[in-house]
Amino acid sequence: MKVLGIETSCDECAAAVVEDGQRVLSNIIHTQIPFHAAYNGVVPEIAGRKHIEWIQLVVKEAVEKAGCGLDGIDAVAASSRPGLLGSLLVGLNFAKAFAWAKSLPFIAVDHILAHLYACNLENTGNKSIHKPVPKYPFLGLMVSGGHSFICRSDDFDDITVLGATIDDACDEAFDKVSKHYGFGYPGGAVIDKLAQSGNPKAYNFPLPNLKTKNICDFSFSGLKTAAIHQFEQFRINEETSKEANFVFSNEDLAASFQKTAVDILLRGLFKAVESTGIKTIVAGGGVAANSLLRTRLQERSDLVCVFPPLEFCGDNAAMVAGIGYQYLVRGETSPLSITASARVKGLKRMLSRS
Ligand code: KG4
Ligand code: ZN
């Protein structure tokens, strides 16, 4: 069964065709980054307008690349939440109109659940990257735009949040530090690249001392503030480096910041492993592309760590089509009256089943 997926929750205008929830026949992503870069962040009004301009062409491209023609599509899935309302509405309404015009089943998808599903995707153009599909239950490390949490996943749509950020999301810390130092936008990939040639021990940014009830919670605002405003204070061997005419290095700052951000994530995650006994970990979202996070998790030979291929970490429509197929297998579809929601109640702190 071939499902057309549409994803416009933020600044990527994406459409994809996926067969049987796994084989990606096409995965088209038109990024709006150049339109938002000047503002160092996504401007919702620009995002919505660009989606309106692009959506038809992006879907056309996805169907053509899949080679199945419009009549080869069996169902349509689209992100309906969470995200920027104006952006979500464009993709969602396009998908509903498409499904109605072609009399196809329609499925509205939570795009955060779709990020966790992305590890199941297999790009037909690159078979070597396919990994075995993780078995439930597993621990999900969700680090996408604006969301950072650890959950227990018992099914593709059944997650229990075990811990979450109490302030900034991880990707926000990456983006804001990058913005402050003028590294570029979005910050995650740029910091990751700079960090490759930096010294992660140049700055000793402290780990947050959390007093929350959830032992798996994390916090990124302290690290962000330290990295932005107080880096002098956290420089190791300050006296020595002053004498040696210390020169500020973007690479060292990036490496030290990234190491601490990954330490914060892993501290919460490993507590979740200890408290649940679950040894399979699935990462999802843009920050799951981070090279240090991947290396550090893969070093834990006692855990099974599954990452989506890089192209399916950030926002994409293949994950939406993939999870949409799983609802269809169960015989579940959505009414065309469904609308978009910017937020999902309880997603950040508690049970997400709704
Ligand atoms: O999941 P995603 O595409 O966003 C939404 O769901 O909206 O994640 C985007 C975020 C950006 O903030 C970007 O800086 C971050 O993912 N990101 C990374 C890396 N690549 C992208 N963060 C850390 N390391 C990376 N390699
Ligand atoms: Zn996303």
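The values are calculated or read from the model by the stated rules, or taken from the named source; none is laboratory data. Because the structure is a prediction, the values reported are computed rather than measured. Neighbour counts run over all protein chains shown; Cβ positions are idealised from the backbone, glycine included. Surface accessibility is based on the protein's heavy atoms, side chains included, excluding ligands, DNA and RNA. Shrake-Rupley method; radii C 1.70, N 1.55, O 1.52, S 1.80 Å.
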Compactness of region 1-152 - radius of gyration and Dmax, Cα, Å: 15.6, 43
Interchain or long-range residues, amide H under 5 Å from G163's placed H: I150
J(HN,Hα) series, region 24-35, from Karplus relation 6.51 cos²θ - 1.76 cosθ + 1.60, nearest Hz, glycine and proline x: 8, 7, 7, 8, 9, 10, 9, 8, 9, 3, x, 7
Relative contact order (percent, whole number), region 150-198, Cα cutoff 8 Å, 6+ residue spacing: 21
R0 of 51 Å, Cβ-Cβ distance S197-S103: FRET efficiency to nearest 0.05: 0.35
Residue-by-residue Karplus 3J(HN,Hα) for region 146-154, coefficients 6.51, -1.76, 1.60, Hz, glycine and proline x: x, 10, 9, 7, 10, 9, 9, 10, 9
Antiparallel content of DSSP bridges confined to the chain, in %, to 5: 60
Per residue, in Å², the accessible surface of the chain once ligands and nucleic acids are set aside, probe 1.4 Å: 43
Relative contact order, percent, the chain [alpha-carbon distance under 8 Å, six or more residues apart]: 26
Binned Cα-Cα distances of region 138-308, short to long, each 10 Å bin given as a whole percent: 10, 40, 33, 14, 3, 0
Theoretical gain in end-to-end length, E61 to L310 [0.36 nm per residue, Cα-Cα removed]: 87.5 nm
Residues with amide H under 5 Å from that of V304, placed H, sequence gap 5 or more: T280, I281
Estimated distance in nm for a label pair at T160 and D20, the labels positioned 7 Å out from Cα along Cα-to-Cβ: 3.3
Cα-based Kirkwood hydrodynamic radius, the chain, one decimal, Å: 20.8
Phi to ³J(HN,Hα) by Karplus 6.51 cos²θ - 1.76 cosθ + 1.60 over region 74-91, Hz, x for Gly, Pro: 9, 6, 10, 10, 8, 5, 10, 5, x, x, 7, 4, x, 6, 4, 4, 5, x
Long-range amide H partners of I107 with built H, under 5 Å: V76, A77, A78, S334
Ranked packing of 251-264, 106-119, 48-61, 185-198, most packed first, by mean Cβ within 10 Å: 106-119, 251-264, 185-198, 48-61
Carbon + sulfur, % of accessible area of the chain - ligands and nucleic acids excluded, 1.4 Å: 53
Degrees between helix 318-329 axis and first principal axis of the chain (Cα, 0 to 90, nearest 10): 50
